[in-house]
1. Are any of the residues in segment 293-303 part of a loop (DSSP other than H, G, I, E, B), modelled with pLDDT under 95 and either farther than 30 Å from residue 224 by Cβ or not assigned by TED's automatic domain parsing to the domain that holds residue 22 (or both)?
2. Taking the conditions exactly as written (within 16 Å of the ligand (Cβ to nearest atom), farther than 21 Å from residue 326 by Cα, at pLDDT 95 or above and within 21 Å of the chain's Cα centre (by Cα)), does residue 125 satisfy them or not?
3. Can residue 19 be described as more than 25 Å from residue 167 (Cβ to Cβ), surrounded by fewer than 21 Cβ atoms within 10 Å (Cβ to Cβ), free of Cβ contacts under 8 Å to residues at least 40 places away in the same chain and among the basic types (Lys, Arg)?
4. Modelled with pLDDT of 95 or more, assigned to a helix (DSSP H, G or I), under 24 Å from residue 118 (Cβ atoms) and assigned by TED's automatic domain parsing to the domain that holds residue 135 - does that describe any residue in segment 304-327?
5. Of a type outside the set (Asp, Glu) and within 16 Å of the ligand (Cβ to nearest atom): which single residue out of 190, 94 fits that description?
6. Which members of segment 190-224 meet the condition of being buried (at least 19 other Cβ atoms within 10 Å of the Cβ) and farther than 12 Å from residue 255 by Cβ?
7. If you go through segment 93-133, how many residues are in contact with a helix residue (DSSP H, G or I) (Cβ under 8 Å, 6 or more places away or on another chain) and either farther than 23 Å from residue 381 by Cα or not hydrophobic (A, V, I, L, M, F, W, C) (or both)?
Amino acid sequence: MANTKRYVLDEKGLLDSVREESVVKLLQKVIRIESTNPPGNELDLAKMLADYFTRAGLGPELLEYEVKRANLITRIPGTGERPGLIFSAHMDTVPAGEVPWMFPPFSATLHEGRIYGRGAADMKGGLAAMTEAMVILARKGFSPKGDLIAAFTYDETHGLQGAKRLVEEGHLEGAGAVLISEPSTLEVFVAEKGALWLRCRAEGRTGHTSMPHLGQNAIFEMTRFLCRLEAELDISTHEHSLLGTATFTVGTIQGGVTINVIPDACEAEIDIRLVPGQDYQDVILKVRDLAGEGVSVELIDWKEPVESDSETDIVKLALAVVQEITGQPRSPKGVAYYTDGAILANRLQIPMVNIGPADTGMTHQPNENVEVERLVQAVKIFLLIANRYLT
Ligand SMILES: [Zn+2]
């Protein structure tokens, strides 16, 4: 019983250490270091965060790759009595886009309780909240039974290269669960869809557009194929309790050289989101069937879906902590987007929980922002989850 008492006191001390001003300032610094992918350039941001950790007495490991790309691994070592916990966040963002913003996208303007900027939601808000939680734990002399590992990656918005490298290089051995801070409006996500990306190419025969009967128009071929896909691709047979059914959409289409030449090639990239239990290779076969002779179909990438058992310790703990901090009831939910969890949870075979401060709908939008109140709540949630999972 004496232990329980001390436990509660410790947690109060931890929560009292959270300073809104500090996490706001950190997030503003993080947004102002542009890390748009492509090309990424996450190295400068990784260096700044490494400095922040070093000043708190931690020993971050900066793993530099290629041109200006980097992962950052920072560990609070445990005694080895319990499996470790990964704090997962990515450092890259999508481009700011062409639409004018209310505030310049890299200004990190604080306005009416929200911080605006590219990445504020996806996911520099989560990244800053996890960094702040690590630093508070380090300053408090946190000595856990399992390692707390902050795994900050590059290239999540595209190919998940950073996460793949961390797993391949063995930096995350011994972890028992991964906590991700992608936008969730502080809901608890335990499942995500898999993403299947395909490149389709129609070949035709060129000619002068005044005599279309002599050529074979690749754009027409492609559009007929895409309409067939939309009408006939039968992928919503599986209904997942948290994720619903699979979806299909076209992301890009390119073809033709000029108005008076019959196009001899047309390429389209399609995005299919599958739920656990669906075989992506079956889906590729279905797409190829609908493509027929005139269109070739090539795999660009497959990111596996993720699903954690709602009865695992980390999920139950996450639900309890989020309810405590937000004062609102929570149940496990699923999300259609993919995260580094597609690599970390599946390859390390550990459960994943995703709790992030930003609104799910903010991702990749102009005027992207995060609410300061939720940002602070996220720091508190991460502190309590780490403390309870690792001690
Ligand atoms: Zn993201």
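1. Yes: segment 293-303 contains one or more residues that are part of a loop (DSSP other than H, G, I, E, B), modelled with pLDDT under 95 and either farther than 30 Å from residue 224 by Cβ or not assigned by TED's automatic domain parsing to the domain that holds residue 22 (or both).
2. Taking the combined requirement at face value, the residue does not satisfy it.
3. So residue 19 fits the description; yes.
4. Within segment 304-327 (the criterion being modelled with pLDDT of 95 or more, assigned to a helix (DSSP H, G or I), under 24 Å from residue 118 (Cβ atoms) and assigned by TED's automatic domain parsing to the domain that holds residue 135), the answer is no, since none of the residues qualifies.
5. 94
6. Within segment 190-224, 190, 191, 192, 193, 194, 195, 196, 198 meet the criteria.
7. 16
For (1) without any contact (Cβ under 8 Å) to a residue 24 or more places away in the chain; (2) within 16 Å of the ligand (Cβ to nearest atom); (3) in contact with a helix residue (DSSP H, G or I) (Cβ under 6 Å, 6 or more places away or on another chain); (4) part of a helix (DSSP H, G or I), each residue gets a yes or a no:
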| position | (1), (2), (3), (4) |
| --- | --- |
| 182 | no, yes, yes, no |
| 185 | no, yes, yes, no |
| 197 | no, no, no, no |
| 221 | no, no, no, yes |
| 234 | no, no, no, no |
| 248 | no, no, no, no |
| 254 | yes, no, no, no |
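The values are calculated or read from the model by the stated rules, or taken from the named source; none is laboratory data. The structure presented is a predicted model; accordingly, all values stated were derived computationally and were not measured. Please note: Cβ atoms are built from the backbone with ideal geometry, for glycine as well, and neighbour counts cover all protein chains shown.
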